[in-house]
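> There's a structure below that I have some questions on.
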Amino acid sequence: MSAAAASAGAVKVDTTLNPLVASVKPSKTMALTDLATSMKESGIDVIGLAAGEPDFDTPAAIVEAGVAALRQGYTRYTPNTGTSALRKAICKKLKEDNGLEYSPDEIVVSNGAKQSIWQAVLATCSPGDEVVIPAPYWVSYTEMARLANATPVVVPTTPQQGFLMSAEQLEAALTPKSRLLILCTPSNPTGAVYPKEHLEALAAVIARHPRLLVLSDEIYEYITYAPAAHVSFGSLPGMFERTLTVNGFSKAYAMTGWRLGYLAAPKHYAKAAAIIQSQSTSGASSISQQAALAALALGPGGGEPVQAMVRAFRERRDYVSARLKAIPGVNLAEPAGAFYVLPEMSAFFGPGAAAAGFGPVPDSDTFCRYLIEVANVAVVPGDAFGADSCIRISYAASLDTLGKALDRIAAALDPAVYTLRTDR
């Protein structure tokens, strides 16, 4: 039989996918970071400010611990939830830094905080449950809710609020189906840090709803700028039993590639997350876990290696904020933590907004495409975070790089080449 005849008689393969996949949006932060990388590889001088990744090297003591782990034979599988030594060290850190008392069997070490969050959502939410998410939000929260067959309920906040959801807004969003509230403080993408009294007001609302749990994403905990101070939600009176705390090593310790995060939760929830992990990835990297022990040994706040990075981030925040505020039409709530700014840029897109040689700019997606194509600067459109009037700029780059990027942005938005929207 000829190949053509065989092909003609072949049964067509069913290529349908799980409907849940169709409901999930791809990550724009990863897409734009990949695009910027591709442009650089093609020889284009593009500046990437889209990635949520520190530009510093992992502190030397942590690297040396990883190298020693390899040389000493720490290359086998670990227990599913992490080594006993690391889980005990995490418990010590949570008690001393956060006022949270967990036992080692309430800790689940995973391949990054992202996995920890996903397993917490999947472990706690049933089909039809609602997940309350203040916006702007990290891009994956809503999609994780959808993958768990739950419904994301987005609560918008504004720069005028400092991007902080009020107790009244939370109360209005709750229904009998509300199962999980996701809080991220310090916040990606806004840099907002919830003050203790604000969290207490939210806790007073939560206490009236026995089904409602809280997922507290604290991955940027150490990257907080005084006078702002980080408060762990589970440390508030009456909140420990309903809080699932997520943290990790990627952001504060510049360990993104080491892929290590953890969930701390009451035993009932930790056990459920551990079961999910046991049937998906199993335990995290043995080498990374040994390195994490060295990271925690650096001391409160990550010790001097981390605090040096935080001082640099603060200097960059101040510089980027000043440069953006100098551009007419930009509205910026200055961040108190993390390493992002989320300027409100609605004056630059919408009815009548246009760029010479480029054309109309109707939305944040088009605006960011204009910046990468014309200014060769990659930033993330706000619609990825539930805030289409904004863009996210990561200042995890050197001051020299940030200066060049902001020079390009300012030139691209000069009134000589850029027309603001007409219905302002």
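The values are calculated or read from the model by the stated rules, or taken from the named source; none is laboratory data. No experiment lies behind these values; they were computed from the predicted model shown. Don't worry about glycine lacking a Cβ; one is built from the backbone with ideal geometry, like all the others, and counts go over all protein chains shown. The area values use the complete protein model at the heavy-atom level, side chains included, leaving out ligands, DNA and RNA. Shrake-Rupley method; radii C 1.70, N 1.55, O 1.52, S 1.80 Å.
> Taking a cut-off of 18 Å between Cα atoms, list the aspartates and glutamates near Lys251, but don't count ones fewer than 8 places away on the same chain.
Within the straight-line limit of under 18 Å, Lys251 reaches these aspartates and glutamates: Glu53, Asp55, Asp57, Asp97, Asp217, Glu218, Glu221, Glu304, Glu315.
> Provide the packing ranking of 323-331, 14-22, i.e. peptides ordered by the mean count of other C-beta atoms within 10 Å per residue, highest first. Write out the running numbers ahead of the final one.
Details: 323-331: 15.2, 14-22: 8.0.
Ranked from most to least packed, the peptides come out as 323-331, 14-22.
> Hey, rough spin-label estimate for Ala326 and Ala411, points 7 angstrom out along Cα→Cβ, what's it come to in nanometres?
So the label points at Ala326 and Ala411 sit 1.5 nm apart.
> Suppose only helical runs count, i.e. DSSP H with n ≥ 4. What mean residue ellipticity at 222 nm does that imply for the chain under -39500 (n - 2.57) per run, divided by all residues and rounded to the nearest 500 deg cm²/dmol?
-11500 deg cm²/dmol
> Still on this structure: Mind checking the per residue accessible area of the chain for me, 1.4 Å probe, whole number of Å²? Before the final figure, lay out each step's value.
On the way: 17980 Å² over 424 residues.
Per residue, the chain has 42 Å² of solvent-accessible surface.
> Counting only C-alpha contacts under 8 Å and six or more residues apart, can you give the relative contact order of the range 60-300 as a whole percent? Display every interim value, and only then the final one.
Values: 458 pairs, mean separation 73.5, N = 241.
Here the relative contact order equals 30 percent.
> What percent of all Cα-Cα pairs in the range 45-199 falls into each 5 Å bin, going from 0 up to the bin containing the maximum distance?
For the range 45-199, the pair-distance distribution reads 1, 7, 12, 14, 17, 17, 14, 9, 5, 3, 1, 0.
> Return the carbon/sulfur percentage of the accessible area of the chain, one whole number, probe 1.4 Å, all protein chains in place. Mind showing how you got there, number by number?
Working: 10110 of 17980 Å².
That share works out to 56 percent.
> Give the cross-link partners of Lys267 among the aspartates and glutamates, using a straight C-alpha distance below 15 Å as the criterion and excluding same-chain residues fewer than 8 apart.
Glu101, Asp105, Glu106, Glu241
> Toward the positive end of the charge dipole of the chain, about the Cα centre and with charges on Cβ (Lys, Arg +1; Asp, Glu -1), which of Asn18, Ala201, Ser282 goes farthest?
Checking the options against the dipole of the chain, the answer is Ser282.
> On average, how much area does the Cα convex hull of the chain cover when viewed from any direction, in nm²? It would help to have the intermediate numbers written out before the result.
Details: hull surface 102.6 nm².
Directional mean of the projected Cα hull area for the chain stands at 25.6 nm².
> Dipole of the chain, Cα-centred, from +1 at each Lys and Arg C-beta and -1 at each Asp and Glu C-beta, to the nearest 20 debye?
On the way: 35 positive and 38 negative charges, 162 e Å.
For the chain, the charge dipole is close to 780 debye.
> Which shape class applies to the range 60-300: rounded if a/c is under 1.5, otherwise prolate when a/b exceeds b/c and oblate if not, where a ≥ b ≥ c are the square roots of the Cα gyration tensor eigenvalues? Write out the running numbers ahead of the final one.
Numbers: a/c = 1.94, a/b = 1.51, b/c = 1.28.
Because a/c hits 1.5 or more and a/b exceeds b/c, the range 60-300 counts as prolate.
> Let me ask something additional. So how much accessible area does Glu315 have, in Å² to the nearest 10, using a 1.4 Å probe?
Accessible area, nearest 10 Å²: 110 Å².
> Calculate the FRET efficiency for Lys271 and Thr158 from the Cβ-Cβ distance with a Förster distance of 35 Å, rounded to the nearest 0.05.
Efficiency at R0 = 35 Å is approximately 0.30.
> Normalised by the empirical 2.2 N^0.38 Å for globular proteins, what value does the Cα Rg of the range 236-323 take?
Details: Rg = 16.7 Å, N = 88, 2.2 N^0.38 = 12.1 Å.
Here the Cα radius of gyration is 1.38 times the empirical estimate.
> Using only alpha carbon pairs under 8 Å that are at least six residues apart, calculate the relative contact order of the chain and give it in whole percent.
Values: 814 pairs, mean separation 90.7, N = 424.
Taking the mean separation of contacting Cα pairs over the length of the chain, I get 21 percent.
> Could you pull out every one of the lysines with an alpha carbon less than 22 Å from that of Lys40, ignoring same-chain neighbours closer than 8 positions?
Lys28, Lys404
> Hey, can you rank 174-186, 133-145 by average C-beta count inside 10 Å, highest first? Mind showing how you got there, number by number?
Numbers: 174-186: 20.9, 133-145: 23.3.
Ranking the peptides 174-186, 133-145 by packing returns 133-145, 174-186.
> Now a separate question. What order do you get for 164-171, 189-196 when each peptide is scored by the mean count of other beta carbon atoms within 10 Å, highest first?
Working: 164-171: 17.1, 189-196: 24.9.
My ranking of the peptides, most packed first, is 189-196, 164-171.
> So what is the relative contact order for the range 327-424, in percent, with contacts set as C-alpha pairs under 8 Å and at least six apart?
Here the relative contact order equals 33 percent.
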